[in-house]
Structure formats: C-alpha cells, structure tokens
Amino acid sequence: MIRKKHIPIITFTALAIVLIGIGSYYYYIYFGIPRCPVCGMMITPEMMENFIILNLKTNQRIYVCCPGCALRLVAVYPDLRIEMLDSWYGKAAPSIKIEIRNGTVASVMPESTRILLGGRITGSCAHNRIAINETSVKLLLERGWNPNNPLTVFKTSLPEGTPVPTIVMALPGLKERGVEYIPPSPLFLGSIIIIGILILIISIVLWRRIPSIMPSESTEVTKK
C-alpha cells in the first residue's frame, strides 16, 4: 500500500524517468541519425544513395537531402565533389558529376544536366530534382517522380513554373541562401539526461531511508 510519505518520491521518480526518456529520444533524433546540414531534414537510405558529396579539403563525406541543398553547401565548403543520380532514371542512367572549386563550378558531367528547383516556389526540399537531360526534365515536370525508380527520394509532384536552370546558373543564388539549420546544443540535451539521472538517484536514496512497517509488526499493532 502506498503511504502519503511515498507519494513525493514516486512523483520525483516518474519525473526522472520522463526527463531521461525525453533527453535520450531527442539526443538520438538530432545526433544519432544523420541530418542535412543545410535544412536539418533527416537523411534516408535513398538520400545516401542519390547524393554522394565529398569535401575535397578533408576527404570527408557530407550527407544532404536534395540537389538544392547540395549546392547550398558551397557557402560553407567551397571545394566539393558532388555525384548525384538522375531523379527520374536513378541508377538506370550514368551518375551526374559536379566539381566545385573555390566556390564556383569547375565542371559538370554531362553538360546537359539541369536542376529543377521547385523548392523556390514551395519552400520545400521535397520539390527539388536533378535531371541528366531534357527528356528527364520533361518527365519530372509532368509527373514529379518515377514510380519505377526504387531510389526515388521524394514522391511529390512539382509546382507549376518550377525553374530549370543549369548548375552554373543555379549555384550563385543557392550559395547566397547558404546553410540555415542550427541543431540544438548537445550539452543542453545531455544536461536534461543528467538532471533526470540525479533526480532518480535522489529518489532511490530517499526511498531506502524511509522506515517501512513489516507485516508482522502491522499485525501486532492491530491485535493490541
């Protein structure tokens, strides 16, 4: 039976469990799963397959969610090697290769590559695409995504009036937008977990210090 003196301890224990749970969950969500450093979107396996970006100064891979964010990275990383799959054909077509040096486009292969920036209209990365040629551009504008491409990242239609510039034309504007995502401080989330652990320890210590009445003692008191 719960006595009144146990209620505060039980309350503190529940609070500790909630703090530890919330802190751990958000720490995992923000730091245990890769996120796009540009917009903060969680990176999916399809994104990892579609966009392979290498920082040429550190040889470190950077994960992004869409071709628009890939070019916006140039604001922070001026030397990049970008390899992307065509948004319609996927692995059925050769990969698109872009080299960025000193913040400008050094090369694009193939030269027919176009970027579809529906995100300029909707404000969402889910409406950005990359196309290897005019046929892919036409199909993406008409249908938005290819149901036969198993690596499709976003299954959304593109808005009317979606801009379709070359990589050279698109880079200055995207680079100017830069990186917007600011993750929460890991120290803040870690402190929530630590506070929860401390409260839990205090609750356990207090629980042990409260004298309990044994059943035999309770029976004797009743008989008297």
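Read-outs: derived from the displayed coordinates by stated rules, not from any lab. None of the values given here were measured: they were computed from a predicted structure. As a convention, Cβ positions derive from the backbone with ideal geometry for all residues, glycine included, and neighbour counts pool all protein chains shown.
Please arrange T113, T58, T13, T156 by counting, for each residue, the other beta carbons lying within 10 Å of its beta carbon, fewest first.
T58, T156, T13, T113
Taking segment 1-108, which trypsin sites (Lys or Arg not before Pro) meet the DSSP loop condition and have no more than 12 other C-beta atoms within 10 Å?
R3, K57
Listed here are the pairs K91/K175; K138/K175; K57/K97; K57/K175; which of them are more than 22 Å apart at the Cα?
As for pairs spanning more than 22 Å Cα to Cα, those are K91/K175; K138/K175.
By the 4.7 Å beta carbon criterion, which cysteine residues of the chain come out unpaired?
C39, C69
Identify, among I115, F154, I43, the residue whose Cα sits farthest towards the positive end of the charge dipole of segment 36-177, taking +1 on the Cβ of Lys and Arg and -1 on the Cβ of Asp and Glu, with the dipole about the Cα centre.
I43
Once the dipole of segment 14-140 is set up with Lys and Arg at +1 and Asp and Glu at -1 on Cβ about the Cα centre, which of P67, P94, I52 lies farthest towards its positive end?
P67
How large is the dipole of segment 36-177 about the Cα centre if only Lys and Arg carry +1 and Asp and Glu carry -1, each at its Cβ, rounded to the nearest 20 debye?
Dipole magnitude for segment 36-177 comes out near 200 debye.
Go ahead and set up a Gaussian network model of the chain, Cα springs under 10 Å, then flag whichever of V164, V64, V205 fluctuates most.
Ranking V164, V64, V205 by mean-square fluctuation puts V205 first.
Any aspartates and glutamates with Cα under 18 Å of the K155 Cα? List them, leaving off those in the same chain fewer than 8 positions away.
The reachable aspartates and glutamates, counting only those whose Cα sits under 18 Å from K155, are E46, E49, D86, E142.
Of the trypsin sites (Lys or Arg not before Pro) in segment 122-201, which ones lie in a loop per DSSP and count no more than 13 other C-beta atoms within 10 Å?
Passing both the DSSP loop test and the Cβ count: K155.
When a footprinting reagent is the concern and you count Cβ atoms within 10 Å, what order do T11, T44, T152 take, fewest first?
Lowest to highest Cβ neighbour count: T11, T44, T152.
Tally Lys and Arg at +1 and Asp and Glu at -1 over the other residues with C-beta under 15 Å from the C-beta of R81: what net charge comes out?
Taking every other residue near R81 into account, the sum is +1.
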